[in-house]
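What follows is a short report on a single structure.
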Amino acid sequence: MSRLGSIGARLYRGEVGYDFVGKRMIWYGISILITITAVAGLMVQGLNMGIEFKGGVVITTPRTAVSVTEAREVAEEVSGHIPIVQELGTGGLRIQISDVDTAQADKIKTALADDLKVSEDKLNAELVGPSWGEQIANKAWTGLGVFMILVVIYLAIAFEWRMALAALIALIHDLTITVGIYALVGFEVTPGTVIGLLTILGYSLYDTVVVFDGLKEGSKDITKQTRWTYSEIANRSLNSTLVRSINTTVVALLPVAGLLFIGGGVLGAGMLNDISLSLFVGLAAGAYSSIFIATPLVADLKERDPQMKALKKRVLAKRAAAATRGESPEGADGTEDTDGAHDGGPEDVTPAGAVVGQRRQPTRGRGKRR
């Protein structure tokens with residue numbers, strides 16, 4: 001078995017782990033800092049809306065020896081706007097100019113034909129109105145709102161309202177970061193971007209729901225035992241799916257990274273950037289929020305419950321008593337605790353916050369059953 005597979009198996013069995021939930025204030029601070037940066041970028045620079053949202057003209061040329069740089073300079077001079085020029089596979093150029101009407105588009109087409117030494121009849125000019133992009137955006141916002149409502153309802157029924165709230169906050173966190181990065185890097189927002197944003201929502205929920213499902217099973221009858229607090233069980237559930245989350249994230253990011261960095265960057269297929277950037281940032285943010293935000297937030301909310309507060313007091317009191325007697329901090333030496341179904345078994349003798357790679361320490365004595 002590979003080293004990663006071995007660690008994954010030990011994480012799943014609870015033999016090792018990392019205290020994600022215990023260090024939640026660090027993750028909250030990082031997320032708040034990133035979110036503030038994203039919102040600031042959005043407020044200062046704003047989004048670079050594509051021609052579908054602002055309206056304009058798209059002019060396609062036949063095969064030409066004119067370079068992209070030359071065509072960009074000519075188009076900017078004749079239109080007075082900063083154009084987007086892309087080379088097509090046919091050897092022609094696609095010149096996109098925003099914020100122009102029909103009369104301006106005709107003048108730009110004529111001027112470009114003269115400056116590029118191309119017959120005007122061979123230039124294909126397509127006028128794009130802003131109403132189409134506005135309709136797409138409105139429908140996307142409507143779909144997003146319906147999606148959020150259905151997700152909250154489903155998670156509240158399948159799990160509980162705290163998990164639904166945590167998942168909703170994680171989704172908003174992912175969307176805010178993705179949109180903010182778009183504003184910071186200045187990439188154009190197109191209908192493809194909207195599709196990418198809607199796509200990442202499902203992926204973001206996937207890992208979150210997997211962890212929540214394990215947490216739901218692990219916390220069943222939790223008040224009948226005195227070995228683990230709710231936060232510790234949440235941390236164990238998170239660790240048990242950690243390698244799976246990392247693997248699925250890496251596998252999902254690799255093809256998207258190929259589109260973004262190789263297709264859009266190296267090969268110059270700029271039209272791939274609009275959807276690939278939203279997918280890349282959204283997938284990474286979704287994996288981060290599933291691990292560092294959603295589950296710790298559920299634990300925070302749950303620990304406010306009076307029953308969980310009482311449980312935590314009993315667990316800490318039992319550990320203090322065991323430490324006084326010189327026993328294992330867990331209150332026993334690995335034998336089953338009659339207080340509940342969560343106790344006992346070899347997988348339960350390591351503290352929930354144990355560090356990956358740490359060996360389990362032998363117990364120093366046998367305690368009496370309670």
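The values are calculated or read from the model by the stated rules, or taken from the named source; none is laboratory data. Since we're looking at a predicted model, the values are computed, not measured. We place every Cβ from the backbone using ideal geometry, glycine too, and count neighbours over all the protein chains shown. What goes into the accessible areas is simple: the full protein's heavy atoms, side chains included, and nothing from ligands, DNA or RNA. Shrake-Rupley method; radii C 1.70, N 1.55, O 1.52, S 1.80 Å.
Table for the structure above
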{"read-out": "Residue check, I136 touching a residue at least 40 places away in the same chain (Cβ under 8 Å), closer than 30 Å to S98 by Cβ, surrounded by 13 or more Cβ atoms within 10 Å (Cβ to Cβ) and touching a Pro at 6+ places or on another chain (Cβ under 6 Å)", "value": "yes"}
{"read-out": "Every residue from segment 58-76 that is exposed (fewer than 14 other Cβ atoms within 10 Å of the Cβ) and either outside any helix (DSSP H, G or I) or in contact with a helix residue (DSSP H, G or I) (Cβ under 8 Å, 6 or more places away or on another chain) (or both)", "value": "R63, A65, S67"}
{"read-out": "Looking only at segment 175-187, and only at residues there that are open to solvent by less than 30 Å² (accessible area, probe 1.4 Å) and of a type in the set (S, T, Y), the one that is nearest to V209 (Cα to Cα)", "value": "T178"}
{"read-out": "Top-ranked residue of segment 86-104 - restricted to ones that are of a type in the set (A, V, I, L, M) and farther than 15 Å from E76 by Cβ, ranked as least open to solvent (accessible area, probe 1.4 Å)", "value": "L88"}
{"read-out": "Test: residue in segment 188-209 that is among the hydroxyl-bearing types (S, T, Y), under 30 Å from M308 (Cα atoms), open to solvent by less than 20 Å² (accessible area, probe 1.4 Å) and touching a residue at least 60 places away in the same chain (Cβ under 8 Å)", "value": "yes"}
{"read-out": "Condition met for L277 (open to solvent by 30 Å² or more (accessible area, probe 1.4 Å), closer than 30 Å to F53 by Cα, in contact with a Phe, Trp or Tyr (Cβ under 9 Å, 6 or more places away or on another chain) and not β-branched (V, I, T))", "value": "no"}
{"read-out": "Yes/no for L272 being assigned to a helix (DSSP H, G or I), open to solvent by 20 Å² or more (accessible area, probe 1.4 Å) and modelled with pLDDT under 85", "value": "yes"}
{"read-out": "Residue count for segment 98-118, restricted to those that are over 43 Å from the mean Cα position of the chain (by Cα), among the hydrophobic types (A, V, I, L, M, F, W, C) and in a loop (DSSP other than H, G, I, E, B)", "value": "2"}
{"read-out": "Residue list for segment 196-231, restricted to those being hydrophobic (A, V, I, L, M, F, W, C), closer than 17 Å to E160 by Cα and under 25 Å from the mean Cα position of the chain (by Cα)", "value": "L205, V209, V210, V211, F212, L215"}
{"read-out": "Verdict on L215 being under 26 Å from F147 (Cα atoms), out of contact with any Asp or Glu (no Cβ under 7 Å at 6 or more places or on another chain) and buried (at least 17 other Cβ atoms within 10 Å of the Cβ)", "value": "yes"}
{"read-out": "All positions within segment 218-237 that are open to solvent by less than 30 Å² (accessible area, probe 1.4 Å) and either more than 23 Å from Y154 (Cα to Cα) or not polar (S, T, N, Q) (or both)", "value": "G218, I222, Q225, T226, R227, W228, T229, Y230, S231, I233, A234, N235"}
{"read-out": "Near pairs, Cβ below 7 angstrom, 6+ apart or cross-chain, from segment 147-174 (within 15 Å of D213 (Cα to Cα)) to any residue that is open to solvent by 70 Å² or more (accessible area, probe 1.4 Å)", "value": "F159/K216"}
{"read-out": "Filter pass, L297 being modelled with pLDDT of 85 or more, in a helix (DSSP H, G or I) and open to solvent by 10 Å² or more (accessible area, probe 1.4 Å)", "value": "yes"}
